[in-house]
Amino acid sequence: MPSKTLVVDANILVRAVLGVRVREVIETYGESVSFFVPDIAYSEAEEHVATLVVKRGGDPEKAIALLRSLAVWWT
């Protein structure tokens, strides 16, 4: 079991979808760190990420799929 735990809020989840650095950190340290994501943070990120992606000209369905795929690190 990982010895470190990080609490992840909705802003970090959105950055994981929209950016590169946060996603890389999650993927790099995912096996050595426990990520705790409160349900409300995940719900808030899921609610807002689609709108933000559309504003950037992206595909909201792909963004939601990416967010859901990242959940493997904290489920």
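The values are calculated or read from the model by the stated rules, or taken from the named source; none is laboratory data. Small disclaimer: the values here were computed from a predicted structure and weren't measured. Every residue, glycine as well, gets a Cβ built from its backbone with ideal geometry; the counts of neighbours run over all protein chains shown. In case anyone asks, the SASA skips ligands and DNA or RNA and just uses the protein heavy atoms, side chains included. Shrake-Rupley method; radii C 1.70, N 1.55, O 1.52, S 1.80 Å.
For the stretch 1-68, the solvent-accessible area of protein heavy atoms averages 68 Å² per residue (probe radius 1.4 Å; ligands and nucleic acids excluded). Using a cutoff of 8 angstrom between alpha carbon atoms and counting only pairs six or more residues apart, the relative contact order for the chain works out to 38 percent. With a simple spin-label model that places each label point 7 Å from the Cα along the Cα-to-Cβ direction, the separation between TRP74 and SER32 comes to 2.1 nm.
Using a 1.4 angstrom probe on heavy atoms only, work out the carbon and sulfur share of the accessible area of the chain in %. Please list the in-between numbers first.
On the way: 2780 of 5060 Å².
That share works out to 55 percent.
One chain, two ends: SER3 and GLU47. Fully extended at 0.36 nm per residue, the span grows by 12.7 nm beyond their Cα-Cα distance.
Taking a ≥ b ≥ c as the square roots of the Cα gyration tensor eigenvalues, with a/c under 1.5 meaning rounded and otherwise prolate when a/b beats b/c, else oblate, which class fits the stretch 1-58? Cα axes put the stretch 1-58 in the oblate bin.
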